[in-house]
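Here's the structure, in structure tokens; my notes come after.
The values are calculated or read from the model by the stated rules, or taken from the named source; none is laboratory data. From a predicted model like this one, the values you see are computed outputs, not experimental measurements. When we count neighbours, we look across all protein chains shown, and the Cβ atoms used for this are built from the backbone with ideal geometry, even at glycine. The protein model used for the area step is the full one, side chains on, heavy atoms only, and it has no ligands, DNA or RNA in it. Shrake-Rupley method; radii C 1.70, N 1.55, O 1.52, S 1.80 Å.
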Amino acid sequence: MNKKRLLHGFKRTAIATALAPLTFGISTLSMAQEMEEVLITGSYIKGSPSDAASPVDVIDNDYINRSGAFTVGEITAKLSVNSGSENQADSFTSGETQGTSNVNLRGLGLSSTLVLINGKRQTIAATRANDGSVFVDTSTIPVAALERIEILKEGATTAYGSDAVAGVVNYILRDNFEGFEISGGYEATDNDNQDSTEASFLWGFGNEKTRAVIAGAILRQDPLSAADRPYLVDNAISGLGRSFIMLAPDTVTGGDYAGTYSPGERVPDPNCTANAGVLIPQPSGELCGFFYGPRFNIINEEERNQIYGNFSHEFSDTLSLTAELGYTDHDVKDNPQSPSYPNLAFPVILPGQAGSPFNVPVVWFGRPLGSDFASPDAKRDNQTTRAVLDLEGAFNDNWSWNGSVAYSKNERHVEQPDTISSRLNDGIAGVGGPSGDETFSVFDSSVNSPELIDYISTIAKTDRETELTVLDFVTTGALFEMGGGAVGFAAGGQYRDESYKEDRNAIYTQGIDPATGNATPVDLIFLVGGRPTDEDRQSYAFFAEIQMPITDSLDVNLAARYEHLDTDESVDPKLSVRWQALESLVLRASASTAFREPSLAQFYAQDGSLQGLQDFNPDGTPKGSTVFVRVNSRGSLDLDTETSTNYNIGAIWNPIDTFDMRLDYWRFEYDDVITIESAQGKLQDDVNGPDIIRLAGDNSQLVGVNANYFNAASVDTDGLDLTANLAMPTNSLGDFGLHFTGTYFLSYEIPTASGTQDVAGYFNYNNFARSIPETKLNVSLDWLMGNHSASVMAFYVDSYETTRAVPESASQDIDDWTTVDLQYAYNLEFDESQAVITLGVKNVFDEDPSVVYDAANFSYDPKHHDPRGRMFYVRAKYSL
């Protein structure tokens, strides 16, 4: 048991207690507003979602429809409170997570936002981001069945346990629909041929006792090749195409390589440009580079099939049952890669070997298959299953109970092409191919037979599986009366059982050196591979919550949770206060602690990824261009639990019935944050450190970096949220509504070798933080008149900058980015049915994503900007 963590929870209880005199000492001036009796995210006691003590935003079904979103990821990516999520996973910075989407509240990390579906936990995706984050895949949530999204913008460990550090996003699915609804949509980019097609149905039926809702949806998304947007990949050039380094002076008298060469000179493929390569000048000679950017997709071809069902039955006035079942099959079909990766062994080719025209040894600086070969695909297949059984009953008029079991499972299959190292070496030695007598030429690829190429090529395959079973029991009711009404109370317990399993095919599985216990390299020229993992763990928790209406205008909520984990235990309190200072003004404040247990993958997994890194000379000057190398990620059983203290102080102003405004100041003091070491940062700090892997010698070619999971010292961040809504009804021009939401980071401080650094407003390529624009704003104007409706939505992402050294032709500044969406809908009403036709344009002014100089990666930031440009869409929905 981690005693430090247990004491940490009690220490923070004192913090919350210290705030109590400040909040209880406020005098009351007016009667409390009448509160709608509903259950909101973050509390087990019924209250008001619009002006509760805790900051909760609700994205309703009308907004979802007006957004024109074809996926859940498209909705959450634009939320102002969301920063640094991966809803457009790209091949370079998030290749492993392609075909998924997620949420990142406050930029505190994908793992620090708890995602719920109908208030129940969902298993994490069977994949990890490049920084080691685990997350719930929100792409498995069908938009057709989505009723609303509730966002709790503060820590919620007291209610939900581990992971709810930055807050909670609760996706509520439709369960009270009656009738039949069918819809279809088509969306296409303006400048090229990328399009998406969707179709869905919703069927609800039943009687007073028994009800059922069934929904199904399909999505077909065509690819958008980077070749259609070359300005987005103009830096995606590798220096490892087909080149050679002379180890001795030589003269070649004939053939394509004829010439006189000096030791150390770089010699490119003579047919480099003819084979679509790029010549890169060097201090001595040239390299034949490989322009891989246009080969990859900006948007992949995807197929998504979803089914969801909800069944409920009332046995009596005091007992009811609800059952849910959902399944998603989501496959990434067209995901082209480089023809082959570079050979990071950089072998020495002797005279007469591998078709060498040289009379002296040379170092091969390149890849077996280059620009003159087609791109293979890398599949990502996902299947997600979810089942929930929920019983709700009442002891009497004042006390009720709820018990549930929720099961979810995610299976993910990933394929990545590579070259078998031993077979390539056999080919270079002249004993390759199926018959063992073929030579693989690294100088002229046209002479290599298809059989020999197939012989050296392989597919690395990974299968991962996550499962989660959660049992919940909660009882709630009224204890006694106080000055403002009945005291609400809730208490309950939770049991969780989760597992993580990872298998690879034989060529992709690392062995173990019996002498050292370290993993041995796989027989591939580039990919790292990993070890099989099969782990599970259990936890249980008890929690209680009490809401005290001290007076008609002052409510105090106290909550606490004890959670017992396999490796730790935690006690976390929460205090929140709501004061109706004036009839039109509500003041609120909350303080709480939260924690996150390391994921099973962060404890046990060992695998690798490909990352574009800038190497350096010992004097700190850049060495060559950015190259993709192996980054080996290693889990650690020494990880501590993450902890945080969270504060929120806010005001809700409602001077008239048609206008309200909410302003909140928030602060998170986040300790022991778990992340993977930044490979670029490690390389920059010590070019010859123990985890920097080079071919030979202190200043030789970089081939890899070992990166370990670790507990960073802290993250301290604070900022402001502002939300405003104005309704403007008119008699002749229809009804208008104006809505505004914005989030501003005041600071985001992380530890450095010399102290702390505020990284808000930076791209953060060389530390564990993600890109963090200081400000994100959303503004929408809605109009409704009879059967007509329309909306204008504007989304603003603030400018930020990178600290990466850039060439003279580039800039460290990343411009602010504003897009505007338009939508018009017409409602056709019939005797017993209706149809809605919707036309829309996204990014009306065709704003390109802001340019980011990220070396060999895409030239934009997919975590904040959409590369698709202007898009048109049409939807039709028929209901009866």
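Some points to look at:
- Between A651 and E847, the simple label model (points 7 Å from Cα in the Cβ direction) yields a spacing of 3.0 nm.
- Helix 3-24 vs. the chain, principal-axis angle (Cα, 0 to 90°, nearest 10): 40
- Potential extension, S809-A727 segment - 0.36 nm per residue separation minus Cα distance: 24.7 nm
- Anisotropy class of the stretch 82-212 from Cα gyration tensor, a/c 1.5 cut: oblate
- Distance between the pseudo-spin-label points of A794 and R220 (7 Å out from Cα toward the beta carbon): 3.8 nm.
- Taking a ≥ b ≥ c as the square roots of the Cα gyration tensor eigenvalues, the stretch 461-560 comes out prolate, since a/c reaches at least 1.5 and a/b is larger than b/c.
- Computed accessible area, T328, all protein chains, 1.4 angstrom probe, square angstrom: 10
- Between L240 and F290, the built amide H atoms are under 5 Å apart, and every one of these is 5 or more places off in sequence or on another chain.
- Here the stretch 828-880 carries DSSP beta bridges of which approximately 100% are antiparallel, counting only pairs with both residues inside.
- Eligible aspartates and glutamates near K501 by straight Cα distance, threshold 15 Å, same-chain separation 8 or greater: E411, D463, E465, E467, D534, E535, D536, D607
- Violating pairs (Cα-Cα greater than 25 angstrom) within the set K78/K461; K209/K877; K153/K842; K379/K863; K78/K682: K78/K461; K209/K877; K153/K842; K78/K682
- Take W399: with every protein chain present and a 1.4 Å probe, its accessible area is about 60 Å².
- Residues whose amide H lies under 5 Å from that of D334, counting only those 5 or more places away or on a different chain, are E301; hydrogens are built 1.01 Å from N in the peptide plane.
- Element breakdown for the stretch 167-325 at a 1.4 angstrom probe: carbon and sulfur atoms account for 55% of the accessible area.
- Taking amide H as placed 1.01 Å from N in the peptide plane, the amide H of G167 sits under 5 Å from that of L114, A156, each at least 5 places away or on another chain.
- One equal scatterer on each Cα of the stretch 782-831, no solvent, Debye formula: the resulting log10 I(q)/I(0) at q = 0.16 Å⁻¹ is -0.64.
- For the pair Y826 and L321 in one chain, pulling the backbone fully straight at 0.36 nm per residue adds 178.0 nm over the alpha carbon distance.
- Net charge dipole size for the chain [Lys, Arg +1 and Asp, Glu -1 on Cβ; Debye, nearest 20]: 1060
- Vicinal HN-Hα couplings computed from phi for the stretch 87-104 (Karplus, 6.51 cos²θ - 1.76 cosθ + 1.60; Hz; Gly/Pro x): 10, 9, 4, 10, 6, 9, 9, 8, x, 5, 9, 4, x, 10, 8, 7, 10, 9
- Cα gyration tensor category, rounded, prolate or oblate, for the stretch 746-880 with a/c compared to 1.5: prolate
- Carbon and sulfur %, accessible surface of the stretch 52-158 computed with the full protein complex present, 1.4 Å: 46
- When nucleic acids and ligands are ignored and a 1.4 Å probe is applied, V627 ends up with an accessible area of around 20 Å².
- Phi-derived couplings, Karplus 6.51 cos²θ - 1.76 cosθ + 1.60 at θ = phi - 60°, listed residue by residue for the stretch 716-724: 10, 9, 8, x, 10, 10, 10, 10, 9 Hz, with x used for Gly and Pro.
- Efficiency of FRET from Cβ geometry, S422 and D536, R₀ 45 Å, rounded to 0.05: 0.80
- Segment T621-D62, length gained on full extension (0.36 nm per residue, minus Cα span): 195.8 nm
- Rolling a 1.4 angstrom probe over the protein heavy atoms with all chains in place gives the chain an accessible area of 39 Å² per residue.
- When shorter helices are ignored and each DSSP H run of at least 4 residues is given -39500 (n - 2.57), the per-residue value for the chain at 222 nm works out to -2000 deg cm²/dmol.
- Among 404-411, 197-204, sorting by the average number of other beta carbon atoms lying within 10 angstrom of each residue, highest first, gives 404-411, 197-204.
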